[in-house]
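Data block below; observations after.
Throughout, read-outs are computed from the coordinates displayed, never taken from laboratory work. Predicted, not measured: the structure shown is a model, and the values here were computed from it. All Cβ positions, even for glycine, are placed from backbone atoms using ideal geometry, and neighbour counts span all protein chains on display.
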Amino acid sequence: MRSFNEFLKYGLVKKKKKDEARAKSLIESAEKRKRVMEKYLPLNSETSAQIIEECYDIIREFLEAKLSDDGYKSYNHEAVVSYLGELGFLKDEIIFVDNLREIRHGTKYYGRLVNEEYARKVKNFLDNIYPKLNSLFKQSKNIMIDVHCHLDKLIEEFPLEKALKNAKDNNVKIIVVNGTDHKQNLIVLDLAKKHKEVKAALGIYPLDALKLSEAKIDEEIEFIEKNKKIIAGIGEVGLDLKEPELLKTLDKQKINLTKFVNLAIKLNKPIIIHSRKAETQTIELLEQLKAKKVIMHCFSGKMSLVDRIVKNGWSLSIPANVHYSQQFQDVVKRVPLSNLLCETDTPYLHPLKEWPNEPANVIYSYKKIAEIKNQSLKEVEKQIEDNYNQLFEQ
């Protein structure tokens, strides 16, 4: 039997908008069938066919409901049944449902008789699988995570509550907001204290750090360390050589970044790295300092450097503009899913080239990764959640 992804590839499953109304209607129909089926008991030669028909239809309606709830639609039996594999059902269960359809069609359309023993087996199968089907709509779903954004800057022109609601509606349950200077770090901390979905990463943006004395940077590092129990990571920090004249500041930038890397190592926190036009120098410094929990944010360097990042066991966060960016699509193709995270860089890098971007749009990163990796969205969500937990949970 083909996998669900194959049916998706060949167009027998269509991507649609999430249809909660249809899902609800199908669940209600399945539950009604379950109640009606009880009228056919106890089993006998006359009711065996009805039992089989109802059992198959109940399973089918639950599966179609789940597809609608997850944003898919298909009328192909094999494609619908294949979704059981995506939902974690056993191979034997999938084969049983697949075979049941043929038996069901035989009893309904050709009047074939089935023995009571087989009908009882089908009824027992449904009784065993029904709680599992029902739980599909009650269990907690995988979550989406925006590992790098500047919510503190977005809310200067976009309502905070709207941004958080939009994120929640898209199942974005963790938003890592990165500070760029002391003022923004204070705002980020406040957001994290007030909103459970917001996690704080504190740092000083490399170009902002150039404006500060070494003493001021040391003060900020001390401030960050005092808040070690609140923060999730260190960032946004790094090196930036976007303009040729910045090359003369490279030594100072390296000194500043070294301080933040050493802090991250000391606190055992992940560090979120900016490396614009300074990719090689940044990687070399991180290697020299033996940094381990590294997230390369919006990495735009050569693919040979991407390979080096993966070899070092670091992560790359893929922004939502991977929706159109060939550079980031190439990164996704090259890098194992176990080394990827997703981000928006809100309010920048909107996936549709609009303004402003927001955390809800991190779904574009997930969808493009799923497409490129030829995996289900659920599988990508689960792996990236695992990647996040390995880095951020202590």
Cα-Cα longer than 26 Å, checked against K290/K382; K24/K123; K226/K290, kept in input order, equals K290/K382
When I59, I221, I272 are ranked with the fewest other C-beta atoms within 10 Å first, the list becomes I221, I59, I272
Going residue by residue through region 5-22, the Karplus relation 6.51 cos²θ - 1.76 cosθ + 1.60 with θ = phi - 60° gives ³J(HN,Hα) values, rounded to whole Hz and with x marking Gly or Pro, of 5, 5, 5, 5, 4, 8, x, 7, 10, 10, 7, 10, 6, 3, 10, 5, 5, 5
A correct Kirkwood calculation over the Cα atoms of region 4-135 returns a hydrodynamic radius in Å of 15.2
Non-local residues with an amide H under 5 Å from the amide H of K16, with H modelled 1.01 Å from N and Pro and chain starts lacking one, are Y72, K73
Taking the dipole of the chain about the Cα centre (Lys, Arg +1; Asp, Glu -1; charges at Cβ), the one of L43, I255, N178 that reaches farthest to the positive side is L43
Along principal axes, largest first, the alpha-carbon spread of the chain in whole Å comes out as 89, 42, 37
Per-residue Cβ contact counts at 10 Å, fewest first, order K16, K373, K311 as K311, K16, K373
To the nearest 20 debye, region 133-277 has a Cα-centred charge dipole, built from +1 on Lys and Arg Cβ and -1 on Asp and Glu Cβ, of 660
The long-range amide H neighbours of G238, using H built 1.01 Å from N in the peptide plane and a cut-off of under 5 Å, are H274
Of the listed pairs K199/K292; K173/K378; K252/K311; K73/K132; K66/K378, those with alpha carbons more than 23 Å apart are K252/K311
Rounded to the nearest 10 degrees, the helix 48-69 long axis (Cα) sits at an angle to the longest Cα principal axis of the chain of 20
Here the FRET efficiency for D330 versus Y118, based on Cβ atoms and R0 = 56 Å and rounded to 0.05, is 0.55
Candidates Q329, Q253, Q50; GNM for the chain (alpha-carbon contacts under 10 Å) flags as most fluctuating Q50
To the nearest 20 debye, region 144-392 has a Cα-centred charge dipole, built from +1 on Lys and Arg Cβ and -1 on Asp and Glu Cβ, of 620
Shape descriptors of region 193-278 over alpha-carbon atoms, Rg and Dmax in angstrom, are 13.3, 42
Counted neighbours (other Cβ, 10 Å), sorted fewest up, put E381, E117, E358 in the order E117, E381, E358
Here, D181 and K311, labelled 7 Å along Cα→Cβ, have an inter-label distance in nm of 3.9
Restricting to aspartates and glutamates and to Cα separations under 18 Å from K121, and discarding same-chain partners fewer than 8 apart, the set is E38, E46, E53, E54, D57, D92, E93, D98, E102
Residue separation between L247 and E6 times 0.36 nm, minus their alpha-carbon distance, gives in nm 81.8 nm
